[in-house]
Amino acid sequence: RVTVLGHHRELAALLITSFAFGFAHVVSYLFEDLGIFTIALNTLAVALDGALFYGAYRATGTLWVPILLHGLGDFGRFLQPGSNGATHGAMSTGDTIASLTLIIGAALALALVVSLARQDHRSRRGSRSTPSPDS
């Protein structure tokens with residue numbers, strides 16, 4: 001079984017798999033009439049979800065937790081009301097919740113990145129101070 005984590009340090013594995021998740025989910029946007037900024041922003045937002053799913057997988061050791069989180073997120077987006085003319089340019093409650101969710105997700109993903117970077121740094125520092133078996 002070959003995994004990204006088997007070939008890279010933890011932080012690199014997180015970034016590679018998160019952005020692969022993001023790109024895989026927004027490839028359909030390339031066939032729509034969306035600007036590059038919108039596509040990039042959506043890719044980043046979905047990659048943040050991917051980072052959170054990666055963290056959930058690493059914390060629990062099972063794919064069922066990220067799968068459940070993914071399903072709940074999709075269900076929440078399905079239930080989110082579409083924009084209608086009643087808001088007259090103001091943010092709807094659904095838009096506010098979506099923005100808040102994105103901010104919280106970004107903060108959690110950033111905390112995960114910092115944590116994994118520190119773990120990788122400690123791991124590299126520990127492997128340098130460990131004497132080799134032939135000495």
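Here, each number is a calculation from the coordinates, and none is a lab measurement. This is a predicted model, so every value here is computed, not measured. Using ideal geometry, Cβ is built from the backbone for each residue, glycine included, and neighbour counts are taken over all protein chains shown.
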Checklist outcome for this item: Of segment 6-49, those with amide N under 12 Å from the point 7 Å along the Cα→Cβ vector of Gln119 are 9-15
Next on the checklist: Quick check: net charge around Asp120, other residues with Cβ under 12 Å of its Cβ, Lys/Arg +1 and Asp/Glu -1?
Outcome noted: +4
Next on the checklist: Show me the ranking of peptides 49-58, 117-126 by mean Cβ neighbours inside 10 Å, starting with the highest.
Outcome noted: 49-58, 117-126
Checklist outcome for this item: Each label sits 7 Å from Cα toward the beta-carbon; between Leu41 and Leu68 the label points are separated, in nm, by 3.3 nm
